[in-house]
1. Quick check on the range 79-134: of everything there that is modelled with pLDDT under 95, of a type in the set (A, V, I, L, M) and in a loop (DSSP other than H, G, I, E, B), which residue is nearest to K160 (Cα to Cα)?
2. So which of N73, N68, N55 ends up being among the polar types (S, T, N, Q) and free of Cβ contacts under 8 Å to residues at least 12 places away in the same chain?
3. Since E113 meets every condition but one in (1) open to solvent by 30 Å² or more (accessible area, probe 1.4 Å); (2) under 29 Å from S190 (Cα atoms); (3) not small (G, A, S), which condition does it not meet?
4. Given (1) open to solvent by 80 Å² or more (accessible area, probe 1.4 Å); (2) modelled with pLDDT under 90; (3) among the charged types (D, E, K, R), where does K165 come up short, assuming only one miss?
5. Select from the range 75-110 the residues that are in contact with a Leu (Cβ under 9 Å, 6 or more places away or on another chain) and surrounded by fewer than 19 Cβ atoms within 10 Å (Cβ to Cβ) and list them in ascending order.
6. List the number of the failed condition for A139; all other conditions in (1) open to solvent by 20 Å² or more (accessible area, probe 1.4 Å); (2) of a type outside the set (S, T, Y); (3) at pLDDT below 95 hold.
7. Find the residue count for the range 1-48, including only residues that are in contact with a Leu (Cβ under 8 Å, 6 or more places away or on another chain), loosely packed, with under 12 Cβ neighbours inside 10 Å and without any contact (Cβ under 8 Å) to a residue 24 or more places away in the chain.
Amino acid sequence: HPICADLSREEECYRLYETVKDEGIDIFINNAGFGAFGKFCDIPLEREIDMINLNVKSMHILFKLFLNDFLKNNHGYIMNVASSAGFMMGPLLATYYATKSYVLRLTQAVSKEIKKDGKNVCVSALCPGPVNTEFDSVANVRFSLKGLSSKYVAKYAINKMFAGKTVIIPGAKMKLAIGFSHIVPDGILSEITYRCQHKKETK
């Protein structure tokens, strides 16, 4: 049942929730977001504010509204769509990477709270690398790495969510890349990330 809404607007998030809150929902996929490629000072501030409103503020509002309902019922699954970008800093996609770090760390923290309270609610963060969607055209970038199919990522993510996994990373290469990022000093990692981003072909 499609519902048209501009989720970058706070009031639209509440309207969406009010529209569906009595529908017996027990699975919520929090997946709205976009990116913008370029130097931080070159990207229009208004574009970045829209990104922060959608990727962070709206995600946060909907996450909390649905989670409170699920906790009352002591049942449900929530998947917040973050990104592999959430594990590192992202020169030339700085704001996007920062927003996805927020999604990832918030989800991890809330998941721990729920587990400590012994609640039967699962909260997961999906952290894929490049996926074949319209993301690259919106961000004005073409990724150098081959993207995974959206069908594969969706199936993998759902299976892991139902298995109770908190952080979900599709693809062996991305798992290795994220593991590598944990052992590399930030200065070196930011240089590697910048070089990878710089090689991307903008449209």
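The values are calculated or read from the model by the stated rules, or taken from the named source; none is laboratory data. Note that this is a predicted model, so its numbers are computed, not measured. Counting neighbours? That spans all protein chains shown, and the Cβs are built from the backbone with ideal geometry, glycine included. These accessible areas exclude ligands, DNA and RNA; they are computed on the full protein's heavy atoms, side chains included. Shrake-Rupley method; radii C 1.70, N 1.55, O 1.52, S 1.80 Å.
1. M88
2. Details: N73 fails: free of Cβ contacts under 8 Å to residues at least 12 places away in the same chain; N55 fails: free of Cβ contacts under 8 Å to residues at least 12 places away in the same chain.
Just one listed residue meets the conditions, N68.
3. (2)
4. With (1) open to solvent by 80 Å² or more (accessible area, probe 1.4 Å); (2) modelled with pLDDT under 90; (3) among the charged types (D, E, K, R) applied to K165, the lone miss is (2).
5. Passing the criteria: only M89.
6. Just one mismatch for A139, condition (1).
7. 1
Residue-wise test of (1) in contact with a helix residue (DSSP H, G or I) (Cβ under 8 Å, 6 or more places away or on another chain); (2) of a type in the set (F, W, Y).
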position: R9; (1), (2): yes, no
position: Y17; (1), (2): yes, yes
position: I25; (1), (2): yes, no
position: K39; (1), (2): no, no
